[in-house]
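Reading through the structure tokens given below for one structure.
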Amino acid sequence: MIGLAVAGKAEESKRIVERQVRAQKYRLTRPFKFIEVETGVGYVSIAAREDEIIKRGDVLAACIYHPRAGVKALEHILESEDLVTTFMSLDLFFSGAIIEHERIVLFRDHVGHMPLAYAWDGGSFMAALSRSALGSAARSLEPGHMLVLDHSGSRLVRWYHPTRFLMNNPEEELAERLIHVAEKYLSDTVFLGFSGGLDSSILAHIAALAGRNVRGITVAMKGSLDYTWAQETAGILGIELE
């Protein structure tokens with residue numbers, strides 16, 4: 001979803017979304033489309049990439065997600081009878097909206113990897129990937145939350161509640177989990193800001209263990225201590241440095 005607006009008139013909601021699209025041209029790397037629907041909450045206009053929006057009957061779902069999961073993720077959300085259970089089952093980063101006749105639900109993954117912001121403009125409601133497209137009054141939807149709009153007004157609902165679990169061997173189990181995440185979400189080639197310090201070195205090492213081609217990017221004067229540290233650490237880890 002690139003942008004969404006809810007207004008008392010169809011022309012107004014469309015005008016708002018068109019403005020959002022112009023403000024986010026850098027996101028338009030794939031074909032997108034506009035959809036307009038009338039709901040009990042108001043006239044809704046939405047702009048989304050063609051592969052990130054689906055409509056069945058009176059229900060519409062628009063969602064960005066990573067890694068690319070195809071239409072199955074959208075169908076899973078669209079057909080859900082229990083959004084909390086559905087969101088908990090998705091092994092993805094995501095954000096988006098569900099438009100039904102009697103309510104509109106914005107949602108965001110528990111990590112907050114995918115952006116989503118919203119704002120009120122008089123009697124109109126707006127949402128977009130970028131806060132800057134909505135003006136200074138925009139707020140980011142908190143990770144792991146839903147924003148529900150219906151006849152009673154709007155309310156925030158926290159859908160994600162982390163669970164605690166015990167590890168028999170914390171060091172090994174944590175390492176396995178980190179490598180699993182790297183294998184699932186990192187691309188084949190990883191460009192990493194690399195200083196040779198603890199944080200960037202750990203990230204580079206995990207990516208390398210996951211079989212990725214790690215390219216370290218260092219910004220420093222040649223011959224400086226920072227550059228020397230980065231070179232030495234890259235050599236130890238066996239990664240390329242640029």
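Pick from S195, S187: which is assigned to a loop (DSSP other than H, G, I, E, B), among the hydroxyl-bearing types (S, T, Y) and more than 17 Å from A230 (Cα to Cα)?
Values: S195 fails: more than 17 Å from A230 (Cα to Cα).
Going through S195, S187 in turn, the sole match is S187.
Can you name the residue in the range 171-187 that is under 20 Å from the mean Cα position of the chain (by Cα) and of a type in the set (D, E, K, R) and is also modelled with the lowest pLDDT among such residues?
First pass over the range 171-187, keeping only residues under 20 Å from the mean Cα position of the chain (by Cα): 178, 180-187.
Still in the running and of a type in the set (D, E, K, R): 183-184.
Details: E183: 88, K184: 82.
In this case the residue turns out to be K184.
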Those residues of the range 37-59 which are touching a strand residue (DSSP E or B) at 6+ places or on another chain (Cβ under 7 Å) and within 21 Å of F93 (Cβ to Cβ), in sequence order: I46, A47, A48, R49, E50, E52, I53, I54
Some residue of the range 76-95 being acidic (D, E), under 13 Å from the mean Cα position of the chain (by Cα) and loosely packed, with under 14 Cβ neighbours inside 10 Å: yes
The range 194-229, residues that are of a type outside the set (S, T, N, Q), modelled with pLDDT under 90 and over 20 Å from L178 (Cα atoms): V219, A220, M221, K222, G223, L225, D226, Y227, W229
Residue satisfying condition, being over 26 Å from V17 (Cβ atoms), in contact with a Gly (Cβ under 9 Å, 6 or more places away or on another chain) and surrounded by 13 or more Cβ atoms within 10 Å (Cβ to Cβ), within set H110, H205: H110
Residues (assigned to a loop (DSSP other than H, G, I, E, B) and either within 11 Å of V190 (Cβ to Cβ) or within 25 Å of the chain's Cα centre (by Cα) (or both)) located in the range 200-242: A210, G211, R212, I239
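Specify the residue that is surrounded by the fewest Cβ atoms within 10 Å (Cβ to Cβ); the eligible residues are those in the range 1-52 that are among the basic types (K, R) and either assigned to a helix (DSSP H, G or I) or on the phi > 0 side of the Ramachandran plot (or both).
Restricting attention to the range 1-52, the residues satisfying the condition of being among the basic types (K, R) are 9, 14-15, 19, 22, 25, 27, 30, 33, 49.
Checking the rest, the ones that are also either assigned to a helix (DSSP H, G or I) or on the phi > 0 side of the Ramachandran plot (or both) come to 14-15, 19, 22, 25, 27.
Values: K14: 19, R15: 15, R19: 17, R22: 11, K25: 9, R27: 18.
Result: K25.
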Count of the range 81-134 residues which are of a type in the set (V, I, T), outside any helix (DSSP H, G or I) and in contact with a Ser or Thr (Cβ under 9 Å, 6 or more places away or on another chain): 3
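The values are calculated or read from the model by the stated rules, or taken from the named source; none is laboratory data. Quantities reported herein were computed from a predicted structural model and do not represent experimental measurements. Note that we place each Cβ from the backbone using ideal geometry, even for glycine, and neighbour counts take in every protein chain shown.
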